[in-house]
Amino acid sequence: MPEQNEGIEISVGELRSKYQEEQLKRLRTDGLKQFVSLKDKFAELDSDPYADPTFSRDPITESTEVVVVGGGFAGMLTGIDLQKSGVTDFRIVEKGGDFGGTWYWNRYPGCMCDVESYTYLPLLEETGYMPTERYAGAPEIFEYCQLLGRTFDLYDRALFQTVITGAVWDDSAGRWIVTTSRGDTISSKYIVIAGGILHKPKVPGIPGIETFKGKMFHTTRWNYDYTGGGPREFMDKLGDKRVGIIGTGATAIQAVPKLAEAAQDLFVFQRTPSAVGVRNNGPTDEAWFKSLKPGWQEERVVNFTQSVTGAKPAVDLVNDGWTDVMWTNTQAAAESPEHLAAMEVSDFQTMEKLRRRVDSIIEDPETAAKLKAYYGKNCKRVCFHDDYLPAFNKPNVHLVDTEGKGIERVTETGIVVDGVEYPIDCLIFASGFEVQTDLDSRVGFDPIGRDGVSLSESWSHGAHTLHGVLSGGFPNMMVISLVQAGFGTNFVHFLGRSARHVAELIGACEAQGVATIEATPESEEGWLMVLYGAIGGGADYVTTCTPGYFNSELAAPDEKAAKGLVFAGSLLDYHAHLDEFRAAGDFPGALVTKV
Ligand code: NDP
């Protein structure tokens with residue numbers, strides 16, 4: 001438990017009731033159906049504002065060893081590790097106009113990584129790059145992705161502004177036939193789906209939304225033509241604009257302070273407040289960075305994951321808000337009912353500390369009360385920012401709390417909450433991303449495996465995988481996603497180790513003359529049991545949370561949803577499963593055919 005919680009008085013009974021009250025306000029029957037995918041209803045809001053619209057190239061017909069779907073960190077690291085595993089013939093196919101994934105798309109003002117850059121940015125020792133700040137801004141991270149692309153010769157292997165439209169397994173040839181939006185046909189032995197986790201923007205299906213006559217966009221497709229400025233510059237066209245932003249999650253926390261500086265008036269429409277702790281960002285201490293000894297980054301990355309999952313390493317190397325809050329999966333580690341009870345108290349205290357921070361910053365007590373988060377620390381991603389809460393002390397910033405109900409209606413000229421219309425010129429959706437929708441919907445194509453069976457058909461009663469990576473009926477297909485896989489505060493720790501797993505697995509298959517590899521039904525069933533076993537105290541915990549994407553908006557899970565879970569234990573335990581599988585050398589639990 002965080003030692004810093006000592007002395008924080010709380011009443012367990014009162015807080016349990018308060019949390020329940022806040023949860024009840026938010027329960028709704030439409031669950032995930034309350035959202036619409038941009039691609040379905042607002043295709044124009046989904047278009048890429050950053051890529052060259054005039055780009056064109058001739059279609060390619062080629063044969064390669066591996067097609068990697070996605071050029072974000074997962075895809076890039078797969079490409080880098082494939083080379084380290086001796087596989088140099090591969091293609092990376094990416095929808096965006098460059099590498100970067102989430103850091104390509106998210107260019108909203110104030111966007112930064114909320115995890116320390118020394119642990120988040122991969123391969124710092126190999127590139128020799130020193131992040132400028134402890135928590136790097138998005139433009140720097142995007143540039144770092146480009147540096148990785150150049151350093152590891154990924155650009156020549158990339159097809160940008162290209163969307164995969166189909167992938168069909170040809171059993172007689174033992175290859176995937178991949179087709180794209182630019183008329184390409186690529187035959188490959190393996191396909192790695194690293195298509196992103198939080199990249200399909202969603203918006204709430206609020207009545208009247210399509211009638212709005214002002215400017216609308218999602219944070220992940222920021223319209224700088226309208227706002228002026230840029231990711232690093234002041235938005236100079238908002239001085240006479242009334243701006244509304246829907247959402248108060250991790251994205252909004254970062255965008256609101258910048259909008260508050262620039263807009264004539266800013267209306268923040270809140271359904272559930274985020275808990276916001278101290279950030280304390282600052283420039284990198286060059287002398288310290290240069291003093292780090294070889295191997296420091298892996299040690300720091302593992303130490304951070306240990307700290308946030310409650311493993312209590314001897315030294316907390318990162319020692320920031322995350323390691324104080326210990327955000328992820330801690331309940332899954334409960335050893336006994338007493339331990340679980342102690343965790344509950346500690347959780348209440350941690351959140352109480354964050355609520356007190358609101359009081360210490362916000363001048364108006366009514367506003368302060370609305371900004372306090374009453375739910376457990378693992379229910380939503382805890383946020384860290386030093387300018388978010390102070391923004392609400394500014395006269396041009398108006399918190400419109402919807403008492404957990406959300407926006408009532410959108411009109412041609414504004415937003416209606418509780419019968420009151422707030423006229424606005426611009427509406428920004430900080431309303432998040434598809435997370436629980438089917439994998440094929442999120443990656444944008446439905447792979448067709450053995451015997452012509454598509455992934456959506458094969459997974460129609462729920463995902464079935466070994467480690468979230470291999471799936472029966474889909475030979476030589478490897479997936480890096482949250483479905484039945486690990487999860488961690490530092491996403492890149494998860495993505496990087498998954499990429500290494502996949503790349504080394506392909507390298508090992510090639511070394512051993514493997515023709516095809518996929519999971520067996522028995523190993524998939526066994527893995528599902530591991531997943532269920534790892535939930536521990538986490539299952540009850542979730543039922544106390546307010547709804548959100550972490551818990552599928554608290555919708556009762558059907559058979560399919562129940563199998564779409566993530567590995568709830570420590571990310572390090574998940575890694576151990578992957579390492580054990582590879583170390584065995586003979587692919588235990590996989591159905592393998594030889595050349
Ligand atoms: P979230 O899904 O976390 O937040 C969406 C917000 O929209 C919530 O506040 C939600 O309220 C609100 N909302 C949804 N529907 C309505 C409605 N009808 N009326 C009013 N409000 C509504 O999306 P984010 O983009 O903020 O973050 C998604 C994830 O992206 C994060 O959890 C994190 O993993 C990642 N991220 C990471 C960052 C980093 O620095 N590493 C930075 C930013 C994002 P409610 O809570 O009530 O559902």
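At a glance:
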quantity: Size descriptor, Kirkwood hydrodynamic radius, that averages inverse alpha-carbon separations across the stretch 383-451, Å; calculated: 16.1
quantity: 29 Å Cα-Cα threshold exceeded, pairs from Lys18/Lys215; Lys84/Lys293; Lys84/Lys290; calculated: Lys18/Lys215
quantity: Bridge type composition, the chain - antiparallel percent by DSSP, nearest 5; calculated: 45
quantity: Simple Cβ-charge dipole of the stretch 121-186, Lys/Arg +1 and Asp/Glu -1, about Cα centre, in debye nearest 20; calculated: 160
quantity: Eligible aspartates and glutamates near Lys202 by straight Cα distance, threshold 17 Å, same-chain separation 8 or greater; calculated: Asp30, Asp40, Glu44, Asp46, Asp48, Glu210, Glu434, Asp438, Asp440, Glu553
quantity: The chain - Kirkwood radius from inverse mean 1/r over Cα pairs (Å); calculated: 24.9
quantity: Per-residue SASA entry for Lys380, accessible area with 1.4 Å probe, Å² rounded to 10; calculated: 50
quantity: Within the stretch 381-433, GluC sites (Glu not before Pro) in DSSP loop having at most 15 other beta-carbon neighbours inside 10 Å; calculated: Glu403, Glu412
quantity: Extended-chain gain in nm, criterion 0.36 nm per residue less alpha-carbon gap, Val453 and Glu421; calculated: 6.5 nm
quantity: Student exercise, the chain dipole from Lys, Arg, Asp, Glu Cβ charges, in Debye to nearest 20; calculated: 660
quantity: Prolate/oblate/rounded label for the stretch 290-393 (Cα gyration tensor, a/c 1.5); calculated: oblate
quantity: Surface accessible to a 1.4 Å probe, Val12 within the full protein complex, Å²; calculated: 40
quantity: The chain, helix-only ellipticity at 222 nm - DSSP H runs n ≥ 4, -39,500 (n - 2.57), divided by all residues, nearest 500; calculated: -9500 deg cm²/dmol
quantity: Ranked packing of 555-562, 372-379, 69-76, 528-535, most packed first, by mean Cβ within 10 Å; calculated: 69-76, 372-379, 528-535, 555-562
quantity: Calculated FRET efficiency for the pair Ala369/Thr413, C-beta based, R₀ 30 Å, to 0.05; calculated: 0.50
quantity: Inter-label distance, nm, simple model (7 Å from Cα along the C-beta direction), Thr211/Asp285; calculated: 5.9
quantity: Residue pairs, from the table Lys200/Lys353; Lys377/Lys563; Lys95/Lys370, whose Cα atoms sit over 30 Å apart; calculated: Lys200/Lys353; Lys95/Lys370
quantity: Segment Glu126-Glu559, extension gain: residue separation times 0.36 nm, minus the distance between their alpha carbons; calculated: 151.4 nm
quantity: Nearest-0.05 FRET efficiency for Glu233 and Ser56, computed from C-beta distance (R0 35 Å); calculated: 0.70
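The values are calculated or read from the model by the stated rules, or taken from the named source; none is laboratory data. Remember, predicted model here, so these are calculated numbers, not experimental data. When we count neighbours, we look across all protein chains shown, and the Cβ atoms used for this are built from the backbone with ideal geometry, even at glycine. Ligands, DNA and RNA are excluded from the accessible area calculation, which covers all protein heavy atoms including side chains. Shrake-Rupley method; radii C 1.70, N 1.55, O 1.52, S 1.80 Å.
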